[in-house]
Amino acid sequence: MSRRRFLIRRFIMLLCSLLVASFVIFGSLYVEAGSPLAALTGGRALPPSSIAVLDARYHLNESFIQQYWYWLSNALHGNLGISIEWRENVTTLMGNLTGTTVGLVAYAALIIVVLGIGLGILAALRPGLLDTSTLVVTAITAALPSFVAAMVLVTVFAVELHWFPALGNGTGLGSDIQHLTMPAIALAVSSLAIVARVTRAAVREEAGKEHVQTAISRGIPMRLILRRHILRNAAIPITTITGITIASLIAIDAVVETAFSLNGLGAFLVKAAEDKDLAVVQGISLVLVTAFVVVNMIVDILYAVLDPRVSLGTTAQ
Amino acid sequence: MTAIALRRHRSTKLRHSFAVLRRSFALLRQTGPAGIVSAAVVAVATFVAIFGPWLAPYNTELPDTQLAFVGPFGGHLLGLDFEGRDVLSRLLAGAQSSMVGPLAVVVISLGLGVALAVTTAWRRGFTDASISAGLDILFAFPGILLAVLATAVFGPGLVAASIALSISYVPYVARVLRGAALKERGQPYVAALEVQGASGPSICLRHIVPNMMPLIVAQATIMFGWAMVDLAAISFLGLGVQAPAPNWGVMISENEVGVLQGYPLPCLAAGACVVLVVIAFNILGERLFERATAR
């Protein structure tokens, strides 16, 4: 399989994933017994004029497939419907919240890449106390759920030490970074541990290979060996695990935003689910799933770039 | 099977179950000290999950707001929560709802996952290709998001969340087990059984699945940990188990006020329960996995 065919195939898969995901999200209107109208209003009593608006917007008297098509093409044009709770365009509501979520996930991803990979390489190359303590600490933090990490961080760094504000969004860039630091750490902590462990194992394995040992015995500087021979090969599993964990941050984001009372997409999604505000739930789910799928595709493509065997069709063991 | 063999089969049944027990202990010993400690934690958690409501010394739901956030005293080893209820009692009683959900998720997703893995490995060809492609597409929905969507439609609760989570776990399970099933399918004994005229379903159910059992058990153990974190997160968000019912996820969220007021004990105690049990399941699962794949 040539690289181009691999890319095309991967892109088609992305489209299929998005189509199925959007179908599930739209279909949620119909899952529960009763009319989609009841699902959209979430059991609220509305005046007839509002119901007429909903009827017209969702084309409720046409066939299911046609309704789906209208909904999807509207969504592609950035029109995700109207929130029944806030009487406002879902897109408008989401616009103000996206910044927080993107900032939080990007901040956490940065922490994972820098600290996780760095710690992994360091632990792999320096056997002894650092290595052992990294292994023990990461075994515990890998099992640390984000919301428990959040509570511990607030207890220690906000209530006891007053280093960071406990809750809420910041005002302006500097205060934003300050407000997002603890949430980003809470979001990153378990992924960071997993990435560090995988990195350590991968680097350890590559460092023990014969060509690396030969290079060491020939007196080639360790810095060069690390860059040219160890990291090149170890990069494949490291990229995969880093990508997968960063993609999974998009789902956990809702938990962390709620724990820290941040105004982001995730917290708003949870609020909307509680209020049975289905248009908002659909809109945010669609955006988050799209982000998740796209990040996963980027990881797969990176994987193919790093390991030519993947796109050449032979299975990498 | 002749009648004599049948009778002997029945009489050895008891001895057989003892042998299974002995073998499980032998396996446990091989998982090392960390594995044994983890197994002990899992055993205690299971015991508490079954008998917790009877072990709880105080009423778990009756509030007494005058005693909100009072520290440990007298018979209240872990103090009182934001509504003046005994924290230890709520932890003991809450083990049930905290562990039943993950159990359901593991059973459902493993049932579906094993069925899909064995079917794809057995049929291969077009069936394999189409099911695997379908699972890759299903991979697109992160568990927590699907659970939130489900609770928005069906209303908050453990049932909707658990089913949604089970579905989103199926691709992971099927992917891991499909490889093992394919390897088993290629074994000479399977070909021998086919030559003898055994039917496909019978070979799969009576030979391939039992031979994959060590891997399936290891996978179940690891997944229990994931499911526990995800379901606790959903209850923490207020979309799973509903307060005032005792549950570890619920307790973390309802006592967050205490954290901000400088009294984190009730909140962190519930968090510690989740972390402890999850770590135990993770370590045990990893050890079992190593043993299952080493063979």
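The values are calculated or read from the model by the stated rules, or taken from the named source; none is laboratory data. Everything numeric here is computed off the predicted structure, so don't read it as measured data. Cβ atoms come from the backbone with ideal geometry, glycine included; neighbour counts cover every protein chain shown.
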Item to check | Flag if B:LEU205 is within 14 Å of chain A (Cβ to nearest Cβ), farther than 30 Å from A:ILE252 by Cβ and assigned to a helix (DSSP H, G or I) | outcome: no
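Per-residue answers, yes or no, for (1) among the small types (Gly, Ala, Ser); (2) outside any helix (DSSP H, G or I):
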site: B:LEU21; (1), (2): no, no
site: B:PHE25; (1), (2): no, no
site: B:ARG29; (1), (2): no, no
site: B:PRO33; (1), (2): no, no
site: B:ALA40; (1), (2): yes, no
site: B:THR46; (1), (2): no, no
site: B:PRO57; (1), (2): no, yes
site: B:GLN66; (1), (2): no, no
Checklist entry - If you check B:PRO214 against the conditions, is it closer than 25 Å to B:VAL70 by Cβ, away from chain A (no Cβ under 14 Å) and in contact with a helix residue (DSSP H, G or I) (Cβ under 9 Å, 6 or more places away or on another chain)? => result no
Next on the checklist: Of everything in segment B:101-137, what is buried (at least 16 other Cβ atoms within 10 Å of the Cβ) and either over 25 Å from B:ARG206 (Cα atoms) or touching a strand residue (DSSP E or B) at 6+ places or on another chain (Cβ under 8 Å) (or both)? Give them in sequence order.
Outcome noted: B:GLY101, B:PRO102, B:LEU135, B:ILE137
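Determine which member of the set B:GLY32, B:GLY94, B:GLY52 is under 30 Å from A:ALA139 (Cβ atoms), small (Gly, Ala, Ser) and at pLDDT 85 or above. Walk me through it before giving the result.
On the way: B:GLY32 fails: at pLDDT 85 or above; B:GLY52 fails: at pLDDT 85 or above.
None of the others qualify; the one that does is B:GLY94.
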Next on the checklist: Please go through (1) at pLDDT below 80; (2) assigned to a helix (DSSP H, G or I) for A:ARG44 and return the number of the only condition it doesn't satisfy.
Outcome noted: (2)
Next on the checklist: Restricting to segment A:261-282, give me the number of residues that are closer than 26 Å to A:PHE157 by Cβ, in a loop (DSSP other than H, G, I, E, B) and at the interface with chain B (Cβ under 10 Å from one of its Cβ atoms).
Outcome noted: 1
Checklist entry - Only one residue in A:LEU167, A:LEU187, A:LEU130 is touching a Ser or Thr at 6+ places or on another chain (Cβ under 6 Å), of a type outside the set (Phe, Trp, Tyr) and surrounded by fewer than 21 Cβ atoms within 10 Å (Cβ to Cβ), so which one is that? => result A:LEU167
Checklist outcome for this item: Selection from segment B:236-260 of residues more than 10 Å from chain A (Cβ to nearest Cβ) and either part of a helix (DSSP H, G or I) or touching a residue at least 40 places away in the same chain (Cβ under 8 Å) (or both) yields B:GLY240, B:VAL241, B:GLN242, B:PRO244, B:ALA245, B:PRO246, B:ASN247, B:VAL250, B:MET251, B:GLU254, B:VAL257
Next on the checklist: Checking the conditions here, which among A:LEU180, A:LEU161, A:LEU187 is more than 30 Å from A:ALA234 (Cβ to Cβ), at pLDDT 85 or above and not hydroxyl-bearing (Ser, Thr, Tyr)?
Outcome noted: A:LEU180
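So which residues in segment A:148-163 are within 14 Å of chain B (Cβ to nearest Cβ) and more than 24 Å from the chain's Cα centre (by Cα)?
Here is the first cut: in segment A:148-163, the ones within 14 Å of chain B (Cβ to nearest Cβ) are A:148-162.
Within segment A:148-163, A:THR155, A:VAL156, A:PHE157, A:ALA158, A:VAL159, A:GLU160, A:LEU161, A:HIS162 meet the criteria.
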Checklist outcome for this item: Among (1) away from chain B (no Cβ under 12 Å); (2) under 30 Å from A:VAL305 (Cα atoms); (3) in contact with a helix residue (DSSP H, G or I) (Cβ under 9 Å, 6 or more places away or on another chain); (4) surrounded by fewer than 19 Cβ atoms within 10 Å (Cβ to Cβ), A:ILE230 falls short only on (4)
Checklist entry - Does segment B:264-284 contain any residue that is out of contact with any strand residue (DSSP E or B) (no Cβ under 6 Å at 6 or more places or on another chain), assigned to a helix (DSSP H, G or I) and modelled with pLDDT under 85? => result no
Item to check | Residues of segment A:2-34 classified as within 11 Å of chain B (Cβ to nearest Cβ) and either among the β-branched types (Val, Ile, Thr) or under 19 Å from A:ASN296 (Cα atoms) (or both), total | outcome: 16
Checklist entry - Here are A:VAL295, A:VAL212: which of them is within 12 Å of another protein chain (Cβ to nearest Cβ), surrounded by 18 or more Cβ atoms within 10 Å (Cβ to Cβ) and in a helix (DSSP H, G or I)? => result A:VAL295
Checklist entry - Can you name the residue in segment A:115-147 that is closer than 24 Å to B:GLY285 by Cα, assigned to a helix (DSSP H, G or I) and within 19 Å of the chain's Cα centre (by Cα) and, of all such residues, is farthest from the other protein chains (Cβ to nearest Cβ)? => result A:GLY116
Checklist entry - Restricting to segment B:204-229, what's the tally of residues that are aliphatic (A, V, I, L, M), crowded, with 21+ Cβ neighbours inside 10 Å and more than 13 Å from B:ALA292 (Cβ to Cβ)? => result 5
Item to check | Conditions (1) away from every other protein chain (no Cβ under 14 Å); (2) farther than 30 Å from A:ALA38 by Cβ; (3) under 22 Å from the mean Cα position of the chain (by Cα); number of the one not met by B:PRO102 | outcome: (1)
Next on the checklist: Please verify whether B:GLY134 is at the interface with chain A (Cβ under 10 Å from one of its Cβ atoms) and either under 30 Å from A:GLU85 (Cα atoms) or modelled with pLDDT of 85 or more (or both), treating the condition exactly as stated.
Outcome noted: no
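Could you go through segment A:22-33 and let me know if any residue there is among the polar types (S, T, N, Q) and surrounded by fewer than 16 Cβ atoms within 10 Å (Cβ to Cβ).
So in segment A:22-33, the residues among the polar types (S, T, N, Q) come out as A:22, A:28.
When the remaining residues are screened for being surrounded by fewer than 16 Cβ atoms within 10 Å (Cβ to Cβ), the result is none.
Looking for residues that are among the polar types (S, T, N, Q) and surrounded by fewer than 16 Cβ atoms within 10 Å (Cβ to Cβ), one finds none in segment A:22-33, hence no.
Among the candidates A:ILE241, A:ILE230, single out the residue that is touching an Asp or Glu at 6+ places or on another chain (Cβ under 9 Å), of a type in the set (Val, Ile, Thr) and at pLDDT below 90. Let's see the steps before the verdict.
Numbers: A:ILE241 fails: touching an Asp or Glu at 6+ places or on another chain (Cβ under 9 Å).
After applying the criteria, what remains is A:ILE230.
Within segment A:191-208, can one find any residue that is β-branched (Val, Ile, Thr) and touching an Asp or Glu at 6+ places or on another chain (Cβ under 8 Å)? Working first, answer last.
We begin by selecting, within segment A:191-208, every residue β-branched (Val, Ile, Thr); these are A:194-195, A:198-199, A:203.
Subsequent filtering for residues that are touching an Asp or Glu at 6+ places or on another chain (Cβ under 8 Å) retains none.
No, every residue in segment A:191-208 fails to be β-branched (Val, Ile, Thr) and touching an Asp or Glu at 6+ places or on another chain (Cβ under 8 Å).
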Next on the checklist: Go through (1) closer than 18 Å to A:LEU288 by Cβ; (2) free of Cβ contacts under 8 Å to residues at least 24 places away in the same chain; (3) assigned to a helix (DSSP H, G or I) for A:TYR70 and report which single condition fails.
Outcome noted: (1)
Checklist entry - When you look at A:ALA184, is it within 24 Å of B:CYS267 (Cβ to Cβ), more than 14 Å from chain B (Cβ to nearest Cβ), of a type in the set (Gly, Ala, Ser) and in contact (Cβ under 8 Å) with a residue 12 or more places away in the chain, yes or no? => result yes
Item to check | Hits in segment B:137-158 - residues which are under 17 Å from B:LEU112 (Cβ atoms) and either touching a residue at least 40 places away in the same chain (Cβ under 8 Å) or more than 10 Å from every other protein chain (Cβ to nearest Cβ) (or both) | outcome: B:GLY143, B:ALA147
Item to check | Pick from segment B:261-281, criterion more than 16 Å from A:ALA149 (Cβ to Cβ) and surrounded by fewer than 24 Cβ atoms within 10 Å (Cβ to Cβ), ranking: nearest to the other protein chains (Cβ to nearest Cβ) | outcome: B:GLY262
